[in-house]
1. Looking at the stretch 40-92, which of its residues are among the β-branched types (Val, Ile, Thr), in contact (Cβ under 8 Å) with a residue 60 or more places away in the chain and within 24 Å of Thr152 (Cβ to Cβ)?
2. Ile122 is checked against (1) without any contact (Cβ under 8 Å) to a residue 12 or more places away in the chain; (2) in contact with a strand residue (DSSP E or B) (Cβ under 8 Å, 6 or more places away or on another chain) and fails just one. What number does that condition carry?
3. Would you pick out the residues in the stretch 71-100 that are within 14 Å of the chain's Cα centre (by Cα) and under 20 Å from Gly138 (Cβ atoms)?
4. Specify the residue that is nearest to the chain's Cα centre (by Cα); the eligible residues are those in the stretch 106-138 that are among the aromatic types (Phe, Trp, Tyr) and surrounded by fewer than 16 Cβ atoms within 10 Å (Cβ to Cβ).
5. If the requirement is being crowded, with 17+ Cβ neighbours inside 10 Å, at positive phi, touching a Phe, Trp or Tyr at 6+ places or on another chain (Cβ under 9 Å) and in contact (Cβ under 8 Å) with a residue 60 or more places away in the chain, which of these qualifies: Val172, Val193?
6. Taking the stated definitions as given, is Ile103 over 20 Å from the mean Cα position of the chain (by Cα) and within 17 Å of Ala348 (Cα to Cα)?
7. Only residues that are among the small types (Gly, Ala, Ser), closer than 22 Å to Arg319 by Cβ and under 17 Å from the mean Cα position of the chain (by Cα): list them for the stretch 139-183, please.
8. Of a type in the set (A, V, I, L, M), closer than 26 Å to Lys51 by Cα and modelled with pLDDT of 95 or more: which single residue out of Leu272, Leu266, Leu294, Leu312 fits that description?
Amino acid sequence: MKTFDEQLATKFADRWIETTTKMALGLNNLISAGEIDGEATEKFPVFQEDKMTVYHYKQTSENVCPVPLLICYALVNRQYMMDLQPDRSLIKNLLNLGMDIYIIDWGYPGKMDRFIQFDDYIDTYLSDAVDFVRKDTGMSEINLLGVCQGGTMSAVFTALHPEKILNLVLMVAPFDFSGDDGLLNVWARYLNVDLIEDSLGNIPGDLLNVSFLMLKPFSLMMDKYVNFLESIDNPKNVESFLRMERWIFDSPDQAGASFTKFIRDLYQGNKLIKGEFEINGRKVDLKNIIQPILNIYAEQDHLVPPSSTKPLEQYVGSRDVTTTAFPVGHIGIYVSSKTQKNLPPLVADWLWERSMCRT
């Protein structure tokens, strides 16, 4: 019979062999992964203006919704989060459910774009994208889906141009910035955005990335990498992890003037909810939004807390507002297996019902 020391040595040796074998397999998986594709679904560029490109996805369903859907993503990240991989793609699932999808790619602002105003993104780029889709499909009104900051932008646009939007879908989008339950809300109130813009010009995407990571430093900077090492011997897990990391660190710089207004007027002034927010001298009145609204939020969202999303229905003029929660985080609403079966049918069924009755 082995002594206690011998048993301990045997367990240590077994564990060492298991660990080194896993690391060797993991290294091979990392080498074999090669270049990770950014998007899973086929699409085509159909309209371009400066850095902005509008893409049209290839339809996959024989039964297509008669009203097209334009997706407006946030300026601070890349839109392919919604189409990250074939088995976790909101875009792919919506296409399979009959949606005719266009999406805005905001591109990467350069030094010459520093003075692009937030008003320009609304009144020029988003407006021209909407008008293109209307013309391309022959529809006077289209469906608009806004994500995160893109949801705020979509609500602002709809309030200014209600005659162009049939239905409005909003996902994890901030509207009321007065709460203290989101650390980002609290931090942003104390930013000297004028000094930041004067010093940096455009706001570096890497700087914003670090700021987002510091909101949950343990889970976003340590815990996820420990969990990754635990599953590094699984090729599928390695590929999924690399896809997510590629997206996280693919953060465009922000046009300085646009960033300054967004932080000062919304995070610091909460002007949208107060009815004081202006685009090119025009007050944005949320009561002008009389379209049906599907407002989706994530219960565990640390970037856009539910308290920032849910109050919207109190300020709009629509009598058809559906507010729905999912038990995930800000990014989990797109990549979590918990939402893959439920979120796409919810959006598609909601849009089908309200598109058919108006065509």
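The values are calculated or read from the model by the stated rules, or taken from the named source; none is laboratory data. Since the structure is predicted, the reported quantities are computational estimates derived from the model, not experimental observations. Glycine gets a Cβ as well: all are built from the backbone with ideal geometry, and neighbour counts include every protein chain shown.
1. From the stretch 40-92, those among the β-branched types (Val, Ile, Thr) are 41, 46, 53-54, 60, 64, 67, 71, 76, 91; that's our starting set.
Restricting the remaining residues to those that are in contact (Cβ under 8 Å) with a residue 60 or more places away in the chain gives 46, 54, 67, 71, 76.
Listed by number, the residues that qualify are Val54, Val67, Ile71, Val76.
2. Ile122 satisfies every listed condition except (1).
3. Ile71
4. Step one: list which residues in the stretch 106-138 are among the aromatic types (Phe, Trp, Tyr), which gives 106, 108, 115, 118, 121, 125, 132.
Those left that are additionally surrounded by fewer than 16 Cβ atoms within 10 Å (Cβ to Cβ): 108, 115.
Working: Tyr108: 16, Phe115: 24 Å.
Filtering first and then ranking leaves Tyr108.
5. The conditions single out Val172.
6. Numbers: over 20 Å from the mean Cα position of the chain (by Cα): no; within 17 Å of Ala348 (Cα to Cα): yes.
Judged against the criteria, Ile103 is not a match.
7. First pass over the stretch 139-183, keeping only residues among the small types (Gly, Ala, Ser): 140, 146, 150-151, 154-155, 159, 173, 178-179, 182.
Filter once more, keeping what is closer than 22 Å to Arg319 by Cβ: 140, 146, 151, 154-155, 159, 173.
Within the stretch 139-183, Gly146, Gly151, Ser154, Ala155, Ala173 meet the criteria.
8. Numbers: Leu272 fails: closer than 26 Å to Lys51 by Cα; Leu294 fails: closer than 26 Å to Lys51 by Cα; Leu312 fails: closer than 26 Å to Lys51 by Cα.
Step by step, each of Leu272, Leu266, Leu294, Leu312 is checked, and only Leu266 is of a type in the set (A, V, I, L, M), closer than 26 Å to Lys51 by Cα and modelled with pLDDT of 95 or more.
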